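The values are calculated or read from the model by the stated rules, or taken from the named source; none is laboratory data. Since the model is a prediction, treat every value here as computed from it, not as a measurement. Don't worry about glycine lacking a Cβ; one is built from the backbone with ideal geometry, like all the others, and counts go over all protein chains shown. The accessibility values were calculated without ligands, DNA or RNA, using every heavy atom of the protein model including side chains. Shrake-Rupley method; radii C 1.70, N 1.55, O 1.52, S 1.80 Å.
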Amino acid sequence: MNTSSDTIFVKATTTMDGYFRDVDIYDYDETIVAHPYMDQIKSAIAARVIKHESCIARTVRVADVGTGSGQLARTLLGLQNSKIALFDIDLRSKDFCSEHPELADLPFHVIDFADPEAIESFAGGFDVACVLGTLHHIPPTQRKAFLKNLARVAGVVLLADEGILEYESEIERRRNAEVWYDFVINEAKRRGLRKLAALERLFKASDISSVRGPHDDFKQSPTEIRNQIKELGFELRFETRIGDWKKNRGGMYLIEYSQSSY
Ligand SMILES: C[S@@+](CC[C@H](N)C(=O)[O-])C[C@H]1O[C@@H](n2cnc3c(N)ncnc32)[C@H](O)[C@@H]1O
């Protein structure tokens, strides 16, 4: 099923065209930390990295791809045996991280991870790639390239994102997406998180719209993502879902995959 058949995407052209042109990175950093299930998904990622730490008898090289304001990286910095590098397409992410006392010492690479040439010099350079909340900002036509590049750069990919409960059509995807976003918005309102509620209203509008900018939200089901990974010939190693998916018609998911030879 092609869920994006009636949706128009506009291509980004520069590193300043990205996500943080429309969303202030300081507002993002302040609000996203309180997003429902964010703590749980970060600890689920950390648990998998710790598992790899226990299997690899040296420092684990971790790439945080689509680092944004570096919240996942800050969580992973508490691990004992990992060395972290940051990657993002957006220069505003680099500026934010280089001014942040917890992140300033980490290497930062401004690259488009959907571009095979851009990642070439990093091929095989990492044990684990962690990707949180980024896949749904990659235009659908570039998602397979993005998933492929992650597995070229790292032995194991930990792909975590918000997802939408499985659907049979784009209409049903949007219906499920509305329920999920409304849960997040109402939860933000219940907790008095007015900025988070306002941002999520914007994300909801773009996700259920027929016209979308290149980095606007387009959330898919874990099954669709899993199928793309399988079509690329990669091995699925682990999968978990966080939240009440049946009731909220969405939630967080974590899929671990690798090149089958790994
Ligand atoms: C919603 S933010 C997620 C940030 C962070 N991982 C988190 O969970 O808070 C998505 C990030 O992905 C980055 N991004 C989008 N497309 C990218 C690409 N093709 N290559 C690298 N980073 C990309 C954006 O610039 C943005 O910082």
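Observations, loosely collected:
- Which numbered condition Asp127 fails, given (1) crowded, with 20+ Cβ neighbours inside 10 Å; (2) not in a strand (DSSP E or B): (2)
- Residue check, Thr67 touching a strand residue (DSSP E or B) at 6+ places or on another chain (Cβ under 7 Å) and exposed (fewer than 15 other Cβ atoms within 10 Å of the Cβ): no
- When the residues of region 110-161 are filtered to those that are among the aromatic types (Phe, Trp, Tyr) and within 8 Å of the ligand (Cβ to nearest atom), the one that is farthest from Ala177 (Cα to Cα) is Phe113.
- Of all residues in region 80-90, exactly one satisfies the criterion of being near the ligand (Cβ under 7 Å from one of its atoms), part of a loop (DSSP other than H, G, I, E, B) and either among the polar types (S, T, N, Q) or open to solvent by less than 10 Å² (accessible area, probe 1.4 Å) (or both), namely Asp90.
- Pairs with Cβ under 7 Å, 6+ apart, first in region 28-54 and in contact (Cβ under 8 Å) with a residue 12 or more places away in the chain and open to solvent by 60 Å² or more (accessible area, probe 1.4 Å), second in a helix (DSSP H, G or I) and not acidic (Asp, Glu): Glu30/Lys195; Val33/Gln71
- Any chance Lys144 is touching a helix residue (DSSP H, G or I) at 6+ places or on another chain (Cβ under 6 Å), among the basic types (Lys, Arg), closer than 29 Å to Ile56 by Cα and open to solvent by 10 Å² or more (accessible area, probe 1.4 Å): yes
- Take the conditions (1) within 15 Å of the ligand (Cβ to nearest atom); (2) buried (at least 19 other Cβ atoms within 10 Å of the Cβ); Leu77 misses just one of them, which is (2).
- For region 247-261, a residue qualifies if it is over 18 Å from Ile41 (Cα atoms) and either open to solvent by 20 Å² or more (accessible area, probe 1.4 Å) or β-branched (Val, Ile, Thr) (or both), and the qualifying residues are Lys247, Gln259, Ser260, Ser261.
- In summary, helices (runs of 4 or more DSSP H) completely within region 150-262 and bearing 1 or more residues that are touching a Leu at 6+ places or on another chain (Cβ under 7 Å) occur at 170-190, 222-231, 245-248.
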